[in-house]
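Visitor: Dropping the structure in here first, questions after.
The values are calculated or read from the model by the stated rules, or taken from the named source; none is laboratory data. These figures come from a predicted structure and were not determined experimentally. Cβ: placed from backbone, ideal geometry, glycine included. Neighbour counts: every protein chain shown.
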Amino acid sequence: MKKVMVLKRDNKSIAEKVSAFKKKCKESGLRLTPQRLEIYHELVAVTDHPSVSTLHKRLQKRMPTLSVDTVYRALLTFEQYGLIVRVNTRESQARFEAETKPHDHLICEVCKEIVDVNPGFFAETDVPEEVSQWGMIKTKSVVYYGICNKCLKKEADQEGLKPKTGRMDSESS
Ligand SMILES: [Zn+2]
Ligand SMILES: [Zn+2]
């Protein structure tokens, strides 16, 4: 069985991504303010696919005057320029990531954690014929929904704490 590996961002890959980002901004004429750079840097450093409000909360610690709206508009602009991607989830809040290479995701329905799957088994396989006949496929990825091990363990622990309430089955009348 192939082991599922979780992508982690190290300092080298963060630095590489930031410099690639700067280059792309320059090439596409996107004005790069210090704020925008901070926002991108915060997003590229993490692997948890944060929402706008999560990202804003983290950035606020060192940029107290930063508004949620600024973060939101920056992310939308980055998305339009193909610098970041939005993850398709069942949540109402959009989740973003700086990893633009197609890959698959594991999403926990309990804690809402999103984990990258590398290699993306589906993202790297060819599309079936009926799909390719439909038209031009630009991107594809698969999302696995379920409950992560941490949440499963929590659930099991809570079950253990509950008093045992044996169901009263109808004995006789
Ligand atoms: Zn979970
Ligand atoms: Zn991802």
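Visitor: Residues that are of a type outside the set (Asp, Glu), closer than 30 Å to residue 74 by Cβ and surrounded by fewer than 12 Cβ atoms within 10 Å (Cβ to Cβ): does region 127-134 have at least one?
Guide: Among the residues of region 127-134, not one is of a type outside the set (Asp, Glu), closer than 30 Å to residue 74 by Cβ and surrounded by fewer than 12 Cβ atoms within 10 Å (Cβ to Cβ), which makes the answer no.
Visitor: For residues that are more than 8 Å from ligand 2 (Cβ to nearest atom) and in a loop (DSSP other than H, G, I, E, B), scanning just region 97-108, find the one that is surrounded by the most Cβ atoms within 10 Å (Cβ to Cβ).
Guide: It comes out as 98.
Visitor: Something else: Among residues belonging to region 1-47 that are within 16 Å of ligand 1 (Cβ to nearest atom) and surrounded by 13 or more Cβ atoms within 10 Å (Cβ to Cβ), point out the one that is modelled with the highest pLDDT. Before you say what the answer is, go through the steps one by one.
Guide: Taking region 1-47 first, the residues within 16 Å of ligand 1 (Cβ to nearest atom) are 4, 6, 47.
If we keep only those that are surrounded by 13 or more Cβ atoms within 10 Å (Cβ to Cβ) as well, we get 4, 47.
Values: 4: 46, 47: 90.
Across region 1-47, the extreme among qualifying residues is 47.
Visitor: If you don't mind, there's one more thing I want to ask. Which pairs have Cβ atoms under 7 Å, sit 6 or more apart or on different chains, and link a residue in region 108-119 that is in contact (Cβ under 8 Å) with a residue 24 or more places away in the chain to one that is more than 14 Å from ligand 2 (Cβ to nearest atom) and in a strand (DSSP E or B)?
Guide: 108/146; 109/145; 109/146
Visitor: Determine if region 155-164 includes at least one residue that is at pLDDT 85 or above, within 30 Å of residue 23 (Cβ to Cβ) and surrounded by 12 or more Cβ atoms within 10 Å (Cβ to Cβ).
Guide: no
Visitor: Does region 87-96 include one or more residues that are part of a loop (DSSP other than H, G, I, E, B), modelled with pLDDT of 95 or more and under 16 Å from residue 37 (Cα atoms)? Spell out how you get there, then give the answer.
Guide: Kept after step one, since they are part of a loop (DSSP other than H, G, I, E, B), are these residues of region 87-96: 88-94.
The next check asks that each one be modelled with pLDDT of 95 or more; those that pass are none.
Within region 87-96 (the criterion being part of a loop (DSSP other than H, G, I, E, B), modelled with pLDDT of 95 or more and under 16 Å from residue 37 (Cα atoms)), the answer is no, since none of the residues qualifies.
Visitor: State yes or no: is residue 141 within 16 Å of ligand 2 (Cβ to nearest atom), at pLDDT below 90 and either among the small types (Gly, Ala, Ser) or closer than 15 Å to residue 48 by Cα (or both)?
Guide: Taking the combined requirement at face value, the residue satisfies it.
Visitor: Residue pairs, Cβ under 9 Å, 6 or more apart or interchain, first in region 137-155 and over 17 Å from residue 117 (Cα atoms), second β-branched (Val, Ile, Thr) and surrounded by fewer than 12 Cβ atoms within 10 Å (Cβ to Cβ). List them.
Guide: 137/131
Visitor: Further question on the same structure: Among the residues in region 109-125, are any under 27 Å from residue 45 (Cβ atoms), charged (D, E, K, R) and part of a strand (DSSP E or B)?
Guide: Yes: one or more hits.
Visitor: Okay, moving on. Restricting the search to region 135-151, which residues are loosely packed, with under 11 Cβ neighbours inside 10 Å and either in a loop (DSSP other than H, G, I, E, B) or touching a Pro at 6+ places or on another chain (Cβ under 9 Å) (or both)?
Guide: Going residue by residue through region 135-151, those that are loosely packed, with under 11 Cβ neighbours inside 10 Å are 135-139, 149.
135, 136, 137, 138, 139, listed by residue number.
Visitor: Also, quick follow-up: Here are the criteria: (1) in a helix (DSSP H, G or I); (2) within 16 Å of the chain's Cα centre (by Cα); (3) without any contact (Cβ under 8 Å) to a residue 24 or more places away in the chain. Tell me which single one residue 43 does not satisfy.
Guide: Failing condition for residue 43: (3).
Yes/no matrix, rows are residues, columns are (1) within 13 Å of ligand 2 (Cβ to nearest atom); (2) among the β-branched types (Val, Ile, Thr); (3) within 20 Å of residue 23 (Cα to Cα):
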residue	(1), (2), (3)
43	yes, no, yes
52	no, yes, no
55	no, no, no
67	no, no, no
85	yes, yes, yes
90	no, no, no
110	no, yes, no
126	no, no, no
133	no, no, no
